[in-house]
Amino acid sequence: MPEKKQETNNIILDCQGMSKSFGGTHALKDVTFQVKKGQVHALLGENGAGKSTLMKIIIGLYKADKGTIFFEGKPYQVNGPAEAIRAGISMIHQELNTEPYLSIAESIFLNREDVHGKSPFLNKKETNRKAAELLRQFDFNLNPKILMEELTLAQSQMIEIIKAVSCNARLVIMDEPTSSLDSEETGRLFRTIRNLQSQGVTIIYISHRMEEIFQVCDSYSVFRDGVFVNSGELTEVTTGDLISMMVGRKVESVFPKVDCEIGEVVFKVEGLSGKGFRDISFEVHRGEILGLSGLVGSGRSETMRGIFGMDPLTSGKIYLEGKEIIIKNPRDAINKGIAMINEDRKNFGLCLFRSLRENVSLPNLRKLHKGTLINQNKEKTEVRDITGQLRVKTASIEADAFSLSGGNQQKVVLSKWLMSKPKVLIMDEPTRGVDVGAKSEIHALMSKFAAEGMAIIVVSSELPEIMGMSDRILIYHEGRLNGEIAREDILNGTADQETILAKEFGE
Amino acid sequence: MEKANEKKILGMDQHDLSLFMKRYGIVFIMVGMFLILSVSSPNFLKINNITNVFSTVALNGVLAMGMVFVITAGGIDLSIGSMLALASTTIGIVLQATGNIPLACIAAIIICTFFGLLNGLLIAKFDMFPFVVTLASQLVIRGLGYVISGGYSFALANPKFSKIGLGKLWNAIPYPILILFGITILAFILLHQTKFGRYIYAVGGNINAATASGVNVFWTRVGSFIISGFCAGVAGIIMTARINAAQPNIGIGYETDAIAACVIGGTSFAGGISTIPGTLVGIIIIGLIYNGMNLLGISSYWQTICKGLIIIGAVMLDTIINKKR
Ligand SMILES: Nc1ncnc2c1ncn2[C@@H]1O[C@H](COP(=O)(O)OP(=O)(O)OP(=O)(O)O)[C@@H](O)[C@H]1O
Ligand SMILES: [Mg+2]
């Protein structure tokens, strides 16, 4: 190995010749990755490019097949996240791994609990106090004694962030930290990042949201299919440049919404109330894409879960094609032609240890029958078809869902519901963690399905997505609807991001 | 698919090897045991011994084919041992009263299936732990066996009925083997080729995702226990016919062997992972263990100890091979 001593003043992390394969899949091929001290470094690449794999190697979750890592000028090797934290590196994972029955405080201080003096007895009071203080620092109004299982996905994500940041690491890896956060929380994260940066902490930032990259990062590296493509300073490139480095071809980064004819009302709710939302009424027309915007916790996802029969409704009526329907559980909803893509793909979307094929066909088995048996040929063809359309990157459709990269898992969840061709499609954060190319692919599919007569409801924390795709936007504020914006208003400039944000904050 | 795997065996790297072992390792163990036994014991390969292995395997096999559904759906059924006894006494009563063999068999199957249904309903309806529910219901079921037989064992003296357990088709293939064969095929189709089988995997793999995908979680769970009860009924018939007597005290510990066969065959206790061919291999391995120990003249006390150790070994192997993150 070449001596790296001269550059150490500048480069904090230096990965040379990293290779890693899983079976036949080469996740990383002779990758070089360098990060300068004190910078926020963006790591970019399509879904399955190998970003998470390299980060997991750095914190010792995976072992590289080849390659050497220097951290702060010294050769670096660890056998797991605990050692990595001791060495000064912490990580926010793309897939959250929360312990549902731990409290927030216990979760933040897992493996570094406070004890009374030198005794083995836990000092819960001190742990809770420190947790409360951290939460306050992050303007996060939650009781540290609440159990993790009661938190929403976004709240758990914030706890993960707080946890990683509170380790006093000199290098913090953030693997898609904002994929389930709203604009306010994202802003809070960015303030934290700047704060850390001013203390000399270095950050590796992975995200598929290009606007964030330019807001918060200094430099970048791009991977494509497990190979290092390029790196440099962000001041020298444009979004377009980065995208073509990632994809290797030109891709439309703007959402290609195709306007189609909007028909009669297909789906309507009246006065829906439940835990987290009150008195919600709206209707969706055939061919319409209805966007729901709001801060996380404002009741959007909760309403959708209520409609889909996952949580009980306390009052309200639901109409499908003019007739009132009662939905007691998701099966009722699916049978009536309503499908829902859940924001939490790990808990509600996938059976991680079953194959991609089985995951995609699970809600569609009724259509894949030949007599009493599943028509396996038809199943394979249709699954290949839809996953191909969404460009799921996988060795085969028989691969475990677990072995896919985060974005590809999301595409599997999308495939499973798009294949079911429902009358009403509810999409809660449909493009969470999906790369730029695939995102416009998904948006194109949404337009196509809408044109075929589907009514689509989209919940998204990404304002550009909501604004780009929706025919109409409803805005939530603290569990109630607080305004509506039509596509024309956005197109002719009478409404913009600021208008929506103002309404989200209750105006 | 098959071809691709064959190609890889030659220039296999470590990951491929572990994947390969995960899938087929258990087959090698079975073949290895076969080879070792045929070398170390001259009697092993004799036709008589082999049919013997398989017919003892049949009883456990039928039980394991039911158990694999329950474990895959994320449960466990400890009550099948006592169902054997209940089946046996039921057959005894019906045969004594009517002499009608099909009726006796059907009655045994119905009563065991019914208790399977009851187990399932309790577990799925009230969301109780399968372990606890079946641990308790096993007492009820065994007690019922004692009640309906008055606590006595009685000989059946029905040579026609005993044929089910001891007879052979064309004087070559024992009927229990045929029954196991039939049940295995049914189980294979059900688990691997029907909607219900997929639902079993989904419920065991991730019950929340299954619910959100519109799977009828309630009936899927209940269904797994019904199948287990049904298989226990069939196994009860074989067992009663083999001993040609109705006994309320038989079947103790049979759930252990069935669970062991599933686990050795690659069924994950966490649910959601299993295969029918794997389970069959697990069944045969257990049969070989018993037969091998008999042939090598190991005393039955030591056999029990060995059995326990081997199950621990199998579970350990399973966790090591299937190590997941
Ligand atoms: N445990 C695993 N077993 C098998 N293959 C894996 C495993 N983990 C990752 N892979 C494969 O390695 C490749 C790189 O995955 P990785 O998770 O690093 O992608 P990524 O760049 O983080 O993508 P995303 O943006 O979707 O998160 C993918 O093709 C993936 O299928
Ligand atoms: Mg990733």
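The table for this structure:
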{"read-out": "Residues with amide H under 5 Å from that of A:Ile457, placed H, sequence gap 5 or more", "value": "A:Leu290, A:Leu425, A:Ile426, A:Met427"}
{"read-out": "Translational D in µm²/s for chain B (Stokes-Einstein at 20 °C, 1.002 mPa s, Kirkwood Rh from C-alpha pairs)", "value": "105"}
{"read-out": "Quotient of Cα Rg and 2.2 N^0.38 Å for the stretch A:142-261, N being how many residues it contains", "value": "1.25"}
{"read-out": "Relative contact order (%) - criterion: Cα under 8 Å, at least six apart; region: chain A", "value": "16"}
{"read-out": "Reciprocal mean inverse distance between Cα atoms of the stretch A:346-421 - Kirkwood radius, Å", "value": "12.2"}
{"read-out": "Over the stretch A:458-497 - Rg/Rh using Cα atoms and the Kirkwood inverse-distance radius", "value": "0.95"}
{"read-out": "Prolate/oblate/rounded label for the stretch A:9-139 (Cα gyration tensor, a/c 1.5)", "value": "prolate"}
{"read-out": "Debye intensity ratio I(q)/I(0), log10, the stretch B:148-306, q values 0.10, 0.17 Å⁻¹ (C-alpha model)", "value": "-0.49, -1.18"}
{"read-out": "Proximal lysines to A:Lys370, defined as alpha-carbon separation beneath 20 angstrom and excluding residues fewer than eight positions away on the same chain", "value": "A:Lys378, A:Lys380, A:Lys416, A:Lys421, B:Lys195"}
{"read-out": "Debye intensity ratio I(q)/I(0), log10, the stretch B:91-233, q values 0.11, 0.12, 0.13, 0.20 Å⁻¹ (C-alpha model)", "value": "-0.56, -0.65, -0.75, -1.24"}
{"read-out": "Volume of the Cα convex hull of the stretch B:18-121, divided per residue and given in Å³", "value": "150"}
{"read-out": "Spherically averaged projected area of the stretch B:223-325 from its Cα convex hull (nm²)", "value": "8.1"}
{"read-out": "Whole-Å semi-axes of the ellipsoid equivalent to the stretch A:53-110 (Cα gyration tensor, √5λ, descending)", "value": "26, 13, 8"}
{"read-out": "Antiparallel %, DSSP beta bridges [both residues in the stretch A:134-246], to 5", "value": "55"}
{"read-out": "Kirkwood-type radius of the stretch A:8-247, with distances r between different C-alpha atoms, in Å", "value": "18.6"}
{"read-out": "All-pairs Cα distance distribution in the stretch A:292-337, expressed in whole percent, bin size 5 Å", "value": "5, 22, 27, 23, 15, 7, 1"}
{"read-out": "Longest to shortest principal axis, alpha-carbon extents of the stretch B:162-249, angstrom", "value": "52, 31, 14"}
{"read-out": "Inter-chain Cβ neighbour average for residues A:328-334, partner chain, 10 Å", "value": "4"}
{"read-out": "Cα convex hull volume per residue for the stretch A:214-318 (Å³)", "value": "165"}
{"read-out": "The stretch A:98-140 - Debye-derived log10 I(q)/I(0), Cα point model, q = 0.27 Å⁻¹", "value": "-0.96"}
{"read-out": "When the stretch A:137-196 is reduced to its Cα atoms, the Kirkwood hydrodynamic radius in Å", "value": "12.2"}
{"read-out": "Order of A:Thr394, A:Thr494, A:Thr431 under a 10 Å beta carbon neighbour criterion, fewest first", "value": "A:Thr494, A:Thr394, A:Thr431"}
{"read-out": "Nitroxide proxy distance, nm - points 7 Å out along Cα→Cβ at A:Lys370 and A:Glu321", "value": "2.9"}
{"read-out": "Full-extension gain in nm, B:Lys168 to B:Ile310, via 0.36 nm per residue minus C-alpha separation", "value": "48.0 nm"}
{"read-out": "Spatial separation of Cα centroids for the stretch B:152-210 and the stretch A:111-170, in angstrom", "value": "53"}
{"read-out": "Per-residue mean of C-beta atoms belonging to partner chains within 10 Å, peptide B:117-128", "value": "0"}
{"read-out": "Axial C-alpha extent at least 30 Å, average Kyte-Doolittle at least 1.0 - helices from chain B (DSSP)", "value": "B:14-40, B:47-72, B:101-126, B:217-243, B:300-321"}
{"read-out": "Calculated on alpha-carbon atoms, Rg and Dmax of chain A in Å", "value": "23.3, 74"}
{"read-out": "Between the stretch A:193-227 and the stretch A:388-417, the Cα center-to-center distance that results, in Å", "value": "26"}
{"read-out": "Hz values of 3J(HN,Hα) by residue in the stretch A:483-499 - Karplus curve (6.51, -1.76, 1.60), Gly and Pro given as x", "value": "x, 9, 10, 8, 4, 4, 4, 6, 5, 8, x, 6, 10, 9, 3, 5, 4"}
{"read-out": "Cβ crowding within 10 Å averaged over residues, with A:183-195, A:344-356 ranked highest first", "value": "A:344-356, A:183-195"}
{"read-out": "Between 0 and 90°, nearest 10: helix A:124-137 axis offset from chain A longest Cα axis", "value": "70"}
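We did not get these values from a lab; they are worked out from the coordinates using the rules stated. Note that the coordinates shown come from a computational prediction; the quantities given were computed from them, not determined experimentally. Neighbour counts are summed over all protein chains in view; Cβ atoms, including those assigned to glycine, are modelled from backbone coordinates with ideal geometry.
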